[in-house]
Amino acid sequence: MRPQNLLHRPLSTQKCTLGCPILDRCIGGGIPCNSITELVAESGSGKTQLCLQLSLSAQLPTSHGGLSASSLYLHTEFPFPFRRLRQLSTAFCNSNSALLASNDHNPCDHIFVRSIHSVDQLLDEMPKIESFIKNSKSRLPVRLIVIDSIAALFRSDFENTLGHLKKRSSLFFKISGKLKAMAVGFGLAVVVTNQVVDLVAPNEGINGLRIGNLGCLYSSGRQVCPALGLAWANCVNSRLFLSRNEEYVSEEHQIENDSGEDFVRRRTIRRLCVVFAPHLPDSFCEFETTREGVFGIQKQW
């Protein structure tokens, strides 16, 4: 009998669609339940928009990749983008009107938003979150938790000293342990976003260590690595990286102005990459953000 590649075996756990079949194919069908998935990206790369779209897609019936569920969205560093959510919600309703219950006039009603300002507040909220999930009276049960972003909670409260680093690592495991327990106990999909920092070390990977499929991560022409270091990397089950880079268009597509001078055209390339995941091989796809949402780009060969 030939040995099987475990990476090519389907994951049996339920998944939630990202709202785009191309993106779903890249990550093996969607965001898995019963675990923590991390989205890593610099600011402006689309991670918050992807989380908003995921929160809407979770409301789809399971037959169409959703969870038939509400979501709990914990935001930590900016006013919540209600305007963008309403914009995405309108597009979501237009695309899925036949799949949504007739009494669901506003999908935003099934996204419960909570502002979190510190690590201590997040830990204090954990028992309340568990009670809310267990006793929610919503027609759609909560089966998705989004924390956007985890890095913001640790950015200013901790210094780069041995004592603070030990305390920070302990909090990482405490927070992730509670999240994983709820994920398994209630069959939740848990998504956390993380920021990036510039990598100045000469060796590849995070702190000189290669973690996952990608030895180096690049965004906006810079070599970067996920914030919070190796301790936090051990707390998540899967890590996805969103990058944004500019590339020059080939010479035949350059534009000539009235004076006969050539303008070099550039375009922004956005990619979703699998850094590590127990159920996924190395893969990536390009995507774009539009008024209607975040969508993968089908490559032409």
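The values are calculated or read from the model by the stated rules, or taken from the named source; none is laboratory data. As the structure is a computational prediction, the values presented were derived from the model and not from experiment. For neighbour counting, all protein chains shown are included, and Cβ atoms are generated from backbone atoms with ideal geometry for every residue, glycine included. Just the protein is used for accessible areas: all its heavy atoms, side chains included, with ligands, DNA and RNA removed. Shrake-Rupley method; radii C 1.70, N 1.55, O 1.52, S 1.80 Å.
I need the full set of residues from the stretch 265-294 which are open to solvent by 60 Å² or more (accessible area, probe 1.4 Å) and either among the basic types (Lys, Arg) or touching a helix residue (DSSP H, G or I) at 6+ places or on another chain (Cβ under 7 Å) (or both), in order please. Reasoning before the result, please.
Residues of the stretch 265-294 that are open to solvent by 60 Å² or more (accessible area, probe 1.4 Å), as a first pass: 265-268, 271, 278, 282, 284, 288, 291-292.
Scanning the stretch 265-294 gives 265, 266, 267, 271, 284, 291, 292.
Please verify whether the stretch 55-70 includes one or more residues that are modelled with pLDDT of 95 or more, over 28 Å from residue 271 (Cβ atoms), touching a Pro at 6+ places or on another chain (Cβ under 7 Å) and surrounded by 18 or more Cβ atoms within 10 Å (Cβ to Cβ). Within the stretch 55-70, one or more residues are modelled with pLDDT of 95 or more, over 28 Å from residue 271 (Cβ atoms), touching a Pro at 6+ places or on another chain (Cβ under 7 Å) and surrounded by 18 or more Cβ atoms within 10 Å (Cβ to Cβ). As a summary of the residue check, residue 246 satisfies the conditions (1) in a strand (DSSP E or B); (2) loosely packed, with under 12 Cβ neighbours inside 10 Å; (3) modelled with pLDDT of 85 or more except for the one numbered (3).
Scan the stretch 25-40 for residues that are on the phi > 0 side of the Ramachandran plot and crowded, with 24+ Cβ neighbours inside 10 Å and jot them down.
Once the filter is applied, which keeps residues that are on the phi > 0 side of the Ramachandran plot and crowded, with 24+ Cβ neighbours inside 10 Å, the stretch 25-40 yields only 30.
For residue 125, the criteria (1) at pLDDT below 95; (2) under 29 Å from residue 49 (Cβ atoms) hold in every case but one, which is (1).
Scanning the stretch 36-64 for residues that are within 30 Å of residue 245 (Cβ to Cβ), in contact with a helix residue (DSSP H, G or I) (Cβ under 7 Å, 6 or more places away or on another chain) and outside any helix (DSSP H, G or I) yields 36, 39, 41.
Can you name every one of the strands (runs of 3 or more DSSP E) wholly within the stretch 131-210 that holds 3 or more residues which are surrounded by 13 or more Cβ atoms within 10 Å (Cβ to Cβ) and modelled with pLDDT of 95 or more? Break it down stepwise before answering.
On the way: elements: 142-148, 189-194, 196-198.
Those strands (runs of 3 or more DSSP E) span 142-148, 189-194.
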